[in-house]
Amino acid sequence: MSDSHQELVVIRTFADGISAAIAQAALEANDVPALVVGDDAGGVHPALTFAHGVRLAVRHVDAVRALHVLDHGSSASDTDTDVDADDVSGPPAA
């Protein structure tokens, strides 16, 4: 698999970490590895979450399936989805 397929893309931004963790759990229950990316300075500055949100990232190759799981509640085959790959953004900001 090429490196571009391993690259992480942000598929959603949430207002709080709990919502992001619930979405992450839904993805992982459907065999889609996901990463919650947020910056609150290790809990010292929780207001940073409000300013930037909490991002949910997946591998580029999993992005369409991940969006389908979040939007429709279950995994679908590559041919059974109406989500376009252009709906995802680039890699999460550091």
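The values are calculated or read from the model by the stated rules, or taken from the named source; none is laboratory data. Computed from a predicted structure; not experimentally measured. Cβ coordinates were reconstructed from backbone atoms using ideal geometry, including for glycine residues, and neighbour counts include every protein chain displayed.
Some observations on this one:
- Of the residues making up the range 24-62, those that are in a helix (DSSP H, G or I), within 20 Å of Glu7 (Cβ to Cβ) and touching a residue at least 24 places away in the same chain (Cβ under 8 Å) are Gln24, Leu27, His60, Val61, Asp62.
- Listed conditions (1) under 19 Å from Val61 (Cβ atoms); (2) modelled with pLDDT of 95 or more are all met by Val37, apart from (2).
- In the range 40-60, the residues that are crowded, with 16+ Cβ neighbours inside 10 Å and either at pLDDT 75 or above or in contact with an Asp or Glu (Cβ under 7 Å, 6 or more places away or on another chain) (or both): Thr49, Gly53, Val54, Arg55, Leu56, Ala57, Val58, Arg59, His60
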